[in-house]
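A short worksheet on the structure shown next.
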Amino acid sequence: MPSLTRRRWLRAALSLAAASTAAQGMQRRALVFPRDFGAHPDTRTEWWYVTGTLAAGTELRGFQITFFRSRTAVPAEHPSRFAARQLLFAHAAVSDLPQRRLRHDQRLARAGFGIAEAAEHDTAISLQGWRLKREGGSGPSRYRAIATSEIARFAFDLGFAATQPVLLQGDGGWSRKGPREEQASHYYSEAQLAVSGTLQLDGRALQVQGRAWLDHEWSETLMDPQAVGWDWIGMNLDDGSALMAFRLRRADRTVLWAGGTFRSAAGERRSFAADAVAMEPGRTWTSPGSRAAYPVEWRVVTPAGRFVVRALMDNQELDSRTSTGSIYWEGLSELLDERGRRVGLGYLEMTGYAGALRL
C-alpha cells in the first residue's frame, strides 16, 4: 500500500477511535507486576516512554524512545485478521548538544503480522525494527531499547538497569488528570535507571552511559475536553532522588489540573495534590517551523522544594504529524535549586502549543 494511502487509512482509523467514547471509565485497581509491565489492549490509550542522558567522555546528549498503542473503534470480534483493532506508533530522538541539533524519526503501523507487536505479559514492544523489551520477571527490571534512523542518521542500542523499586504515581498508581474521577490513568515510573550501550551518529559509534527515566501509562479517558495540552517534567536528581510534576492547560493557559511525585534517595515518597504544584513559565523560544512559542525555562514549586527547569537546547521540537498527528516539544533539561546550582538532569515535555492535543 502506498505510504500516503496507508497514512490516510490509519488516520481514518484513529478518527474512529477518537469518536468512540466509553460510557464507564477505566476501573481503578492495584497494579500487579510483571503483568502490568505489559500492554493493556482493552484500554484506549497507552505509552511506554523512556528519556535520559548519554555521556561519551565530556560530551552530553539526550535521548528518548516512546511507543504508543491506540485501540481503535474496530470491535475485537471483527472476523478479518486485517482489521486494525490496535495501532502502534513510535518516536525516537537524540538531542545532539555538541552539534546543537535534534535528530528525530517516527514509525506507525497496525498491530500484527510481526510488524508491530505489544506483548501483554511484560514489556516487549516492536515496531518496524524498533524494540523495547524488559527482562527480570518479578525482580528488578532490565530493559533494552533499539532504534535506527537512516533519515536522521542515528542509531542506538541501549540497556537500562533498575537501581530503585518501581515508583507508583498518584495514589498507588492511580493518577488523576482532571476534575472528574474517570479522568485518570494507571501510571508508574522507573526512575534512576542506569544506562549503558552504543550510540551511532553519522556512522560514528560512541560508547555511552547515563541515567534514564521510564514512564508507562494507560487510560480510557485521560484528558478533559477543556484541556489543550500539558507540561511535564521527569528529573533524576544527582543525590538519587526523583521528581515528577505536571500540569494540564486550558486554551487560555490557565491550569486545569496538576500533580506530581517526589521520592528521596532513601525511598520516602510524597505525592502532590493538584493545588500543591505550581509550574510558572519563564523565557520562551519560538519555533521557526511551527511558530509555536514554548517556555524553555520554568519555575517549579512543589511541597518537596522550589526549582528551576532550564532546557539545555532551545530547539527540541518534534514534528510527529505523520504518526501521532501532533507537534510538541520534548527535550533534555537541567534542574536547578534556588541558589542556581544544577542538582539534576531530565526531560521537559510540552504539548498543545502548536495546536490543541487530541489523543
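The values are calculated or read from the model by the stated rules, or taken from the named source; none is laboratory data. Please read these numbers as outputs of a predicted model, since none were measured by experiment. Methodologically, a virtual Cβ is constructed for each residue, glycine included, from the backbone with ideal geometry; neighbour enumeration extends over all protein chains shown.
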So, in the stretch 318-333, how many residues would count as being surrounded by 17 or more Cβ atoms within 10 Å (Cβ to Cβ) and assigned to a strand (DSSP E or B)?
10
In the stretch 315-332, which residues are in contact with a strand residue (DSSP E or B) (Cβ under 6 Å, 6 or more places away or on another chain) and more than 17 Å from Ala293 (Cβ to Cβ)?
Ser320, Ser323, Thr324, Leu332
For the stretch 200-214, indicate whether the set of residues that are in a strand (DSSP E or B) and closer than 18 Å to Gly352 by Cβ is non-empty.
no
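Only one of these is surrounded by fewer than 18 Cβ atoms within 10 Å (Cβ to Cβ) and in contact with a Leu (Cβ under 9 Å, 6 or more places away or on another chain): Arg269, Arg299. Name it.
Arg269
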Please enumerate the residues belonging to the stretch 271-295 that are within 15 Å of Gly234 (Cα to Cα) and charged (D, E, K, R).
none
Does the stretch 307-318 contain at least one residue that is out of contact with any Pro (no Cβ under 6 Å at 6 or more places or on another chain) and at pLDDT below 95?
yes
Considering only the stretch 1-39, how many residues are part of a loop (DSSP other than H, G, I, E, B), modelled with pLDDT of 90 or more and farther than 19 Å from Thr324 by Cα?
8
Across (1) touching a residue at least 40 places away in the same chain (Cβ under 8 Å); (2) farther than 21 Å from Gln226 by Cβ; (3) among the β-branched types (Val, Ile, Thr), Thr351 clears everything bar (2)
The stretch 218-271: number of residues that are in contact (Cβ under 8 Å) with a residue 24 or more places away in the chain, polar (S, T, N, Q) and more than 27 Å from Phe37 (Cβ to Cβ):
1
Note down all Cβ pairs under 7 Å where the first residue falls in the stretch 277-301 and is free of Cβ contacts under 8 Å to residues at least 40 places away in the same chain and within 18 Å of Phe262 (Cβ to Cβ), the second is of a type in the set (Gly, Ala, Ser) and surrounded by fewer than 18 Cβ atoms within 10 Å (Cβ to Cβ), and they're at least six residues apart or on different chains.
Arg299/Gly282; Val301/Ala278
Checked against (1) under 19 Å from the mean Cα position of the chain (by Cα); (2) part of a strand (DSSP E or B); (3) of a type in the set (Gly, Ala, Ser), Ala227 satisfies every condition except (2)
If you take the residues of the stretch 63-82 that are surrounded by 18 or more Cβ atoms within 10 Å (Cβ to Cβ) and among the hydroxyl-bearing types (Ser, Thr, Tyr), which of them is modelled with the lowest pLDDT?
Thr72
The correct count of residues that are in a loop (DSSP other than H, G, I, E, B), surrounded by 14 or more Cβ atoms within 10 Å (Cβ to Cβ) and not β-branched (Val, Ile, Thr) in the stretch 100-119 is 2
Which of the following residues is among the aliphatic types (A, V, I, L, M) and surrounded by fewer than 23 Cβ atoms within 10 Å (Cβ to Cβ): Ala245, Ala304, Ala258?
Ala304
